[in-house]
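For reference, the structure is listed below as structure tokens.
The numbers here are math on the coordinates, done by the rules we state, and not lab data. Nothing here was measured: the structure is a model prediction, and the numbers come from that model. Positions of Cβ are generated from backbone atoms using ideal geometry, with glycine treated the same way; all protein chains shown enter the neighbour counts.
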């Protein structure tokens, strides 16, 4: 991960602010809300896209899904697909489009331990279920013998989890569910099912808690780790390699799944396009990589009085030209097969 990179985009969520100064040959405003993971990228898009004004808002994937189900926004952003129940009860025929690719990292604050602490799915599942409670636990020290003294001095572990509905929670749970099924037995969802540790709202809340307090560990999307220069774990993948959430490793994880299932029951039963804990043949895959989705209602006119043409134009731009703006924010360009599937979905709205 490019931990020395400094990103300056303004003053809001860790330097990201939504600006519409560059937009607007058109008076149309496209309203987007939800995922805090994708918010930095959509905020950047709002600064450079000229076909309409883009008004992004964070709030978590749960908010994105609820807002689109209520037809309150044009795009509901979520890093987790809708559940079968939510999809079936939505009268607006939502379409879920994977429009960005990044990762959920594992950040920690342990004095004397630099970037790259080795952690496995069973160890992380043990920490977040309260089975592993100290940094000096033999399970952690065995993986990190060169940090044995610092770990044994560090004392108690405080896990930090998302208290809001979160796609990062979904991705992190999906990783543990597949990588440590004997320990993490809860079916992944946007809710994090634990009271072990401290709950915080949004990526900014978890990142702030980990940055400020020694002994903490949390799952945080890559951009927010970069902003606060939080130490990042090297997580073991199915090939038994310890890898960081850098672009090359995220891209390798994306190779494991390039099929966008049919909308509806097929999409929900497949959990969208999951790329967590891919098979061992993906040697350098970062195992908590994730797509994030633009959810758009197709059974009604767009929310804010914009035209369908305006919405389609922006979405087509986002999954093609817009991808180049993600590199500095630790987003990886979408694979060609995903882009082609996206364009078919967008043009069919």
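Between the Cα long axis of helix 39-48 and the first principal axis of the chain there is an angle of about 40°, rounded to the nearest 10.
Rounded if a/c is under 1.5, else prolate if a/b is larger than b/c, else oblate: which is segment 188-274, with a ≥ b ≥ c the root eigenvalues of its Cα gyration tensor? The shape class here is oblate.
Taking the chain as a Gaussian network of alpha-carbon nodes connected by springs under 10 Å, the highest mean-square fluctuation of the residues 74, 164, 310 belongs to 310. Taking every C-alpha pair closer than 8 Å and separated by at least 6 residues, the mean separation divided by the residue count of the chain gives a relative contact order of 24 percent.
Relative to the longest principal axis of the Cα atoms of the chain, the long axis of helix 202-212 lies at roughly 30 degrees.
Contact order normalised by length for segment 206-328, with contacts defined as Cα pairs under 8 Å and 6 or more residues apart; what percent is it?
Values: 131 pairs, mean separation 24.2, N = 123.
Averaging sequence separation for qualifying contacts and normalising by length gives 20 percent for segment 206-328.
Using the Cβ-Cβ distance between residue 133 and residue 266 with R0 set to 41 Å, the FRET efficiency from 1/(1 + (r/R0)^6) comes to roughly 0.50. Dividing the alpha-carbon radius of gyration of segment 231-319 by the rule-of-thumb value 2.2 N^0.38 Å gives 1.40. FRET efficiency for the pair residue 93 and residue 153, taken as 1/(1 + (r/R0)^6) with r the Cβ-Cβ distance and R0 = 45 Å, rounds to 0.20. Principal-axis analysis of the Cα atoms of the chain puts helix 308-318 at an angle of about 40° to the longest axis. Averaged over residues, the count of other Cβ atoms within 10 Å places the peptides 170-177, 36-43, 254-261 in the sequence 36-43, 170-177, 254-261, highest first. Taking the three principal axes of the alpha carbon atoms in segment 104-252, the coordinate ranges are 37, 33, 32 Å, sorted in descending order. Under 16 Å from a point placed 7 Å out from the Cα of residue 114 along the Cα-to-Cβ direction: which residues of segment 128-162 have their backbone N that close? Only 144-151 fall inside the zone, counting backbone N under 16 Å. Result for the chain in a Gaussian network model with C-alpha springs under 10 Å: among 56, 181, 111, the largest mean-square fluctuation is at 111.
What Kirkwood hydrodynamic radius do you get for the chain when you take the inverse of the mean 1/r over all pairs of distinct Cα atoms, in Å? Please report the intermediate quantities before stating the final value.
On the way: mean 1/r = 0.0498 Å⁻¹.
Averaging 1/r across every pair of different Cα atoms and inverting gives 20.1 Å.
Could you tell me what percent of the DSSP beta bridges with both partners in the chain are antiparallel, to the nearest 5? Beta bridges within the chain, antiparallel portion: roughly 55 percent.
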